[in-house]
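Report on the following structure.
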Amino acid sequence: MTRGGYRIAGPGGVEVLERCGVERPVARLVELAARTPGGLAVVVDSANGLLDAPLAAAGIPVLRADPPVPADGGAAAEVLAELGRDRPELLTALPAEGWTMSGREEEITAAELAGAAVERRLAADGRLVAGGLGAAPLVALTFDDGPHPEFTPQVLDVLHRHDAPAAFFCIGLHALAHPGVVRRIAEAGQTLGNHSWSHAYLPDLGPTGLARQLGHTREVLAEACGDDRPIRWLRPPYGGRSPELLRAVAESGLVTVLWDVDAKDWSRPGPEVVAERVLGQVRPGSVILMHDGGGDRSQTVAALPAVITGLRARGYRLVTLDALLAAA
């Protein structure tokens, strides 16, 4: 995945798919798998978090390359293809029902725990929003993994009907493919946030890789909006963080936004369950995590009216991240 889009490397050379959503490269790989005797496997690195789930759903095996194999999250498609062919022992096979970082859970948890003291300092300085730390009955709605051409506009319609603010943490590659949806988020007066270029596990990246992931996304969001508006907010994919990453993000001028209420709407348990999960976890100062992209989000759209009305019935006021940070 590059600044222009997706690069697919294989025996036939390199194919570049520019300014497209994830659907086109997945469809192309499914087509290639059908024409390949014995099928094929796809190699991604830990700077990818977009392709593994749809490929697994299509029955295509996915292998992950971890550092130090990809240098600073910048492994070329040709290098990944060669690894799959010549050094498969260096790769991790992802389970069909797993997630992008399967097998690294203990390492990821240890990195998050190591950053706890840094998080407290940044929160005190207004450089991090963790959620659930306020005394006032204020909450913020946030949506990850968009923009999506179908579901993001539906989420915006619900928010408009209920006069509710929210923040949309956009993936750069999706914003590149759907600039009109980004523009509609901005024109609706909703908050835009940075969710990395390709849903990368950011602690794996060095300074160059991190600058590329965040900088490319910022440029595409500004281009879509037609202005140079500052993008203040960053949500690290998976909530993945380390002391080094938290400091680097703060030094870049961004505010890290985590969450304390997880709807887990990506699991598609039904709209009623999604709403119950949110209303059962919420507390003053909560940051609520939902999703407008990354898959079928029809249940999120269906659950959203009940989430908004249920929060207000419990005495909560929906506010922007700016307002939540100021109150905290």
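What the table shows:
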{"item": "Per-region count, the range 260-290, residues in a loop (DSSP other than H, G, I, E, B), within 21 Å of residue 196 (Cβ to Cβ) and open to solvent by 70 Å² or more (accessible area, probe 1.4 Å)", "result": "1"}
{"item": "Selection status of residue 66, out of contact with any His (no Cβ under 7 Å at 6 or more places or on another chain), open to solvent by 20 Å² or more (accessible area, probe 1.4 Å) and at positive phi", "result": "no"}
{"item": "Filter result (in a helix (DSSP H, G or I) and surrounded by fewer than 21 Cβ atoms within 10 Å (Cβ to Cβ)) within the range 220-245", "result": "222, 223, 225, 238, 239, 243, 244"}
{"item": "Test for residue 217: is it hydroxyl-bearing (Ser, Thr, Tyr) and modelled with pLDDT of 95 or more", "result": "yes"}
{"item": "Some residue of the range 246-262 being within 30 Å of residue 7 (Cα to Cα) and among the small types (Gly, Ala, Ser)", "result": "yes"}
{"item": "Selection status of residue 314, charged (D, E, K, R), closer than 27 Å to residue 119 by Cβ, out of contact with any Ser or Thr (no Cβ under 6 Å at 6 or more places or on another chain) and open to solvent by 20 Å² or more (accessible area, probe 1.4 Å)", "result": "no"}
{"item": "Single residue of the range 82-96 satisfying the filter (of a type in the set (A, V, I, L, M) and closer than 18 Å to residue 54 by Cα) that is surrounded by the most Cβ atoms within 10 Å (Cβ to Cβ)", "result": "94"}
{"item": "Cross-chain or 6+ apart pairs with Cβ under 9 Å, the range 188-204 first and over 18 Å from residue 50 (Cβ atoms) and modelled with pLDDT of 95 or more, then hydrophobic (A, V, I, L, M, F, W, C) and assigned to a loop (DSSP other than H, G, I, E, B)", "result": "190/166; 191/166; 192/231"}
{"item": "Residue match in the range 127-140 (condition: closer than 21 Å to residue 198 by Cα and open to solvent by less than 40 Å² (accessible area, probe 1.4 Å))", "result": "no"}
{"item": "Filter result for residue 41 (in contact (Cβ under 8 Å) with a residue 40 or more places away in the chain and open to solvent by 40 Å² or more (accessible area, probe 1.4 Å))", "result": "yes"}
{"item": "Selected residue (criterion: most open to solvent (accessible area, probe 1.4 Å)) from residues of the range 13-38 that are part of a loop (DSSP other than H, G, I, E, B) and within 21 Å of residue 199 (Cα to Cα)", "result": "19"}
{"item": "Residues of the range 71-101 classified as without any contact (Cβ under 8 Å) to a residue 12 or more places away in the chain and either in contact with a Pro (Cβ under 9 Å, 6 or more places away or on another chain) or of a type in the set (A, V, I, L, M) (or both), total", "result": "3"}
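The values are calculated or read from the model by the stated rules, or taken from the named source; none is laboratory data. Note that the structure is predicted; figures quoted are calculated from it, not measured. Backbone-built Cβ (ideal geometry, glycine too); neighbour counts: all protein chains shown. Ligands, DNA and RNA are stripped out before the accessible areas are found, and what is left, the full protein with its side chains, is counted by its heavy atoms. Shrake-Rupley method; radii C 1.70, N 1.55, O 1.52, S 1.80 Å.
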